[in-house]
Amino acid sequence: MHKFLILIGLAALFFTGCGEEKQIESLKNEAKTLQAQFDSLNVELAKKQALVLNGRVISDTVRAGEGPFHVFSRLKARVKNGEEDLGKVYLAMQDSVEFHLRVGEAFYARLDSNDRVQMFRYAPNPITIHLVSRSDTGYVYTLIEKPVVKKLSIYEGRLEEGSTLNGILFKVGIPRRMIGIVSGVLQCKVAFPLARPGDKFRILLEDSYYKDAWVSGKVVYAEFDGRIVGHHEAFRYEDEDPKSSYNAHYTEDGDALVFDGLRYPLEHLRITSSFGSRVHPITGKRTNHNGVDYGAPTGTIVHAVAEGQVTVSGFDNLSGNKIAIKHRDNTVSWYMHLSARGVAVGSKVMAGQAIGRVGSTGRSTGPHLHYGFKNAQGAWINPLSKTMIATPKLEGKRLARLKNQVVEARKQIERTLSAPAVKVNDSTDVMVRQLVLE
């Protein structure tokens, strides 16, 4: 109840109308300032302040198997002008917010006395708040990111007789939430059936905390040294664009850490609809979505995900402009709703080759790429179930950027190894070395 009252207070505090560009910028700055001030209030003061506010707040939470469309639909049904207002709210957010929803996540909207949406709030984690506020010229999006404390932690260990990889990673103190990620990075490079007891590994993790609560983590570096499998290192590469599909793990020479895989159809990825059962955004009926939708501006270049031959290049009223490419293993990739097609039936294409451009042709609610995949038997499968990489090897500016990040990672390893050892938790005797980043 206290959290709900706090949100009511936030809703009222954040709203002022504005018309000109300078006023909009002022609104964004004020929102950030007020959020920081309100964070410092205690619960009782927040409760008292919320009780004297005007307006009402409605909310809804994510249920199993749902996306943002489901939550927005239920909120629209509760607001007189919901179809118009919440539609504009979504448009204001769509190019800035990636919805990776979890069951129980909440969406809040504050309404004025005329039942118009004045403020919309979505916070996917304790440090990230997405606000959309109504101004005289439309809805304005503001991102508020609270400061976090980052810690580097080094974990070292050896394989033991009869132990599993995940088991030994847990034993040396790696948090359970990160074990699967660490294991995945190592297995991309190391042939573990050939690994032997006594083989050594070293892992560098970077974790972010907000008020001592864990928020996120990533594998900065992974090393494995085995008698038979040899010595291997993996480095996390961070592109200039945090949403770039090149953000992944590579060797020092820029080789992606996968044995085999596909490229992504777009350089920058923003999933707007996943594979599987969903409520169709146009018909409102529950149907099976035979692919993944990536939101992108009209005209964005679409790439072939693998080498193959074009078997379809045409148009229909549902899929719009579409292309299908048959690959060597008899699987077929599909690209739909294109604004333009750049290859003809019979053309041979290479992995990563530009084949068309994103559009909104056919039955579509806005510019996006519908990317589908059929197996050799002709059945639709989830494209995300197949291993995908941005590129088999980094080159040019990206390779140079990786080299600089490798140098920095090695410095971080040295600094962390010189830090005092601390206990992982009170229930074990496991000690790790940690360094708090400034």
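The values are calculated or read from the model by the stated rules, or taken from the named source; none is laboratory data. The model shown is predicted, which means the values in this text are computed figures rather than measured ones. Heads up, the Cβs are rebuilt from the backbone with ideal geometry, glycines too, and the neighbour counts pull from every protein chain shown. The protein model used for the area step is the full one, side chains on, heavy atoms only, and it has no ligands, DNA or RNA in it. Shrake-Rupley method; radii C 1.70, N 1.55, O 1.52, S 1.80 Å.
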Return, ordered by residue number, the residues of the stretch 134-157 whose backbone nitrogen is under 14 Å from a label point located 7 Å along Cα→Cβ of residue 91. 135, 137-141
Which percent of the accessible heavy-atom area of the stretch 155-238 goes to carbon and sulfur, probe 1.4 angstrom? 50
Give me the percent of accessible area attributable to carbon and sulfur for the stretch 285-331, probe 1.4 angstrom. 50
Count charges around residue 343 for me, please; just the other residues with Cβ under 14 Å from its Cβ, Lys/Arg as +1, Asp/Glu as -1. +4
So what's the net charge close to residue 99: Lys and Arg +1, Asp and Glu -1, counting the other residues with Cβ under 11 Å from its Cβ? -1
Provide the FRET efficiency to the nearest 0.05 for the residue 417-residue 102 pair, computing r from the beta carbons and using R0 = 35 Å. 0.50
To the nearest 10 square angstrom, what accessible area does residue 240 show with a 1.4 Å probe? 150
Residue 354 paired with residue 238, simple spin-label distance in nm, labels 7 Å along Cα-to-beta-carbon: 3.0
Find out how many positive minus negative residues lie around residue 369, taking Lys and Arg as positive, Asp and Glu as negative, among other residues whose Cβ is under 13 Å from that of residue 369. +2
